[in-house]
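Enquirer: Below: one structure in structure tokens.
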Amino acid sequence: MILLEGVKKSFGNKKILAGVDLNINAGSSLVIIGRSGTGKSVLIKCILALEKYDEGKIHIKGVENRNKNNKTFYDQFGMLFQGGALFDSIPIWENISFRLLQSNQKISRSDAKQIASEKLKLVGLNTDIIDLYPSELSGGMQKRVALARAIAGDPKIIFFDEPTTGLDPIMANVINRLIRKIVVEMGVTAITITHDINSTRIIADDVAMLDSGKIQWTGKINQLDKSENQMVDQFINGLTEGPISNNY
């Protein structure tokens, strides 16, 4: 579904991505782990063509994403942003269906509201909140509304950017399991970036570790604890000593 070959990205003299190679299979849930500041978010932005990468190639369903002038390019994606990124000034249903209302599909507001109601149910929320505003919801409910928005257009590929940031352990677990449920039921290709190992164990089919601008290890989730990779072992166990200690 997504293929990255030798992707490089720098900001001035600072190298962020130093040659990323990655193959993401259709229908799989890939979690990219790594420390904060290692370029995980930059990598997603490059895949989405929101950042122009310096070298390499990124193909999405066989088409290089530099050729993104096609208006349907973004129709295949959904995104759960780290902070939720809901619009404070519009009600929940408009937040969820915002993309549909702004598209060329000319969907009616009543149909958009119905779709929003259906997506709310999928993320485990009662539809009686549909006319409320984001500020009237708890942090966990806002995150679920953001998840409903990510799936509103029935995308083929969904990105999850640190999906449990700011949530307590119980609500984080709820969100993790919701993401896993949606990925399986919708059959989408999912890419999650996180430094939360508990999230990784619940969400992932496959795992890739990004450090020093490159993918240091890839494997199935059941191989994570026996990767025999010193960087992975240090990261998942929170060890202060190891090959990545001097990079802080």
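The values are calculated or read from the model by the stated rules, or taken from the named source; none is laboratory data. These figures come from a predicted structure and were not determined experimentally. Heads up, the Cβs are rebuilt from the backbone with ideal geometry, glycines too, and the neighbour counts pull from every protein chain shown. Ligands, DNA and RNA are stripped out before the accessible areas are found, and what is left, the full protein with its side chains, is counted by its heavy atoms. Shrake-Rupley method; radii C 1.70, N 1.55, O 1.52, S 1.80 Å.
Enquirer: May I ask you to derive the relative contact order of the chain, considering only C-alpha pairs under 8 Å and at least 6 residues apart, and to give it as an integer percent?
Expert: So the answer I get is 26 percent.
Enquirer: I would also like to ask the following. When the helices in the chain are scored as -39500 (n - 2.57) per DSSP H run of 4 or longer and the sum is shared across all residues, what 222 nm value do you end up with, to the nearest 500 deg cm²/dmol?
Expert: It comes out at -9000 deg cm²/dmol, rounded to the nearest 500.
Enquirer: Within straight cross-link reach of LYS9, meaning Cα distance under 20 Å, which aspartates and glutamates are found once same-chain residues fewer than 8 apart are removed?
Expert: In chain and number order, the partners are ASP21, GLU51, ASP54, GLU55, GLU64, ASP161, ASP211.
Enquirer: Just flag the GluC sites (Glu not before Pro) in the stretch 150-248 sitting in loop per DSSP whose Cβ has no more than 14 other Cβ atoms within 10 Å.
Expert: Passing both the DSSP loop test and the Cβ count: GLU228, GLU241.
Enquirer: Taking the 0 to 90 degree range and rounding to the nearest ten, how far is the long axis of helix 109-122 tilted relative to the main principal axis of the chain, both from C-alpha atoms?
Expert: 50 degrees
Enquirer: Counting other Cβ atoms within 10 Å, keep those with at most 13, restrict to DSSP loop, and tell me which trypsin sites (Lys or Arg not before Pro) in the stretch 1-70 are left.
Expert: Hits after loop and neighbour filter: LYS52, LYS61, ARG66.
Enquirer: Here is a further query. What does the accessible area per residue of the stretch 10-131 come to in Å², with a 1.4 Å probe and no ligands, DNA or RNA counted?
Expert: Values: 6570 Å² over 122 residues.
On a per-residue basis, 54 Å².
Enquirer: If you plug each phi of the stretch 33-48 into the Karplus form 6.51 cos²θ - 1.76 cosθ + 1.60 with θ = phi - 60°, what whole-Hz ³J(HN,Hα) values come out, in order, with x for Gly and Pro?
Expert: Once θ is set to phi - 60°, the couplings for the stretch 33-48 become 9, x, 5, 5, x, 8, x, 5, 5, 4, 4, 4, 5, 5, 4, 7 Hz.
Enquirer: Given H placed 1.01 Å from N in the peptide plane, which residues other than close sequence neighbours of VAL20 have an amide H under 5 Å from its amide H?
Expert: Those qualifying (amide H under 5 Å, at least 5 residues apart or on another chain) are GLY6, VAL7, LYS8.
Enquirer: Could I ask something else about it? In whole percent, what relative contact order does the stretch 31-161 give with Cα contacts below 8 Å and a gap of six or more residues? Walk me through the numbers on the way to the answer.
Expert: Numbers: 148 pairs, mean separation 41.8, N = 131.
Rounded, it is 32 percent for the stretch 31-161.
Enquirer: Hey, another quick one. I need the per residue convex hull volume for the stretch 115-165, using only the alpha carbons, in cubic angstrom as a whole number.
Expert: 77 Å³
Enquirer: With both partners inside the chain, how many of the DSSP beta bridges are antiparallel, as a percent to the nearest 5?
Expert: In the chain, DSSP labels about 55 percent of beta bridges as antiparallel.
Enquirer: Still on this model: Round to the nearest 10 and give me the degree value, 0 to 90, for the angle of helix 169-186's Cα axis relative to the longest principal axis of the chain.
Expert: 80 degrees
Enquirer: Which net charge results for the neighbourhood of GLY238, defined as the other residues with beta-carbon distances under 12 angstrom from its beta-carbon, given Lys and Arg at +1 and Asp and Glu at -1?
Expert: Neighbourhood net charge equals -2.
Enquirer: What are the ³J(HN,Hα) couplings of the stretch 13-21, residue after residue, when phi is run through the Karplus curve with 6.51, -1.76, 1.60 and θ = phi - 60°? Round to Hz, x for glycine and proline.
Expert: 8, 8, 7, 9, 10, 10, x, 8, 10
Enquirer: Another question, if that's okay. Starting from 0.36 nm per residue, how many nanometres of slack lie between ILE170 and ASN126 once their C-alpha separation is accounted for? List each step's numbers first, then the result.
Expert: Details: separation 44, 0.36 × 44 = 15.84 nm, distance 1.91 nm.
13.9 nm is the gain from fully extending ILE170 to ASN126.
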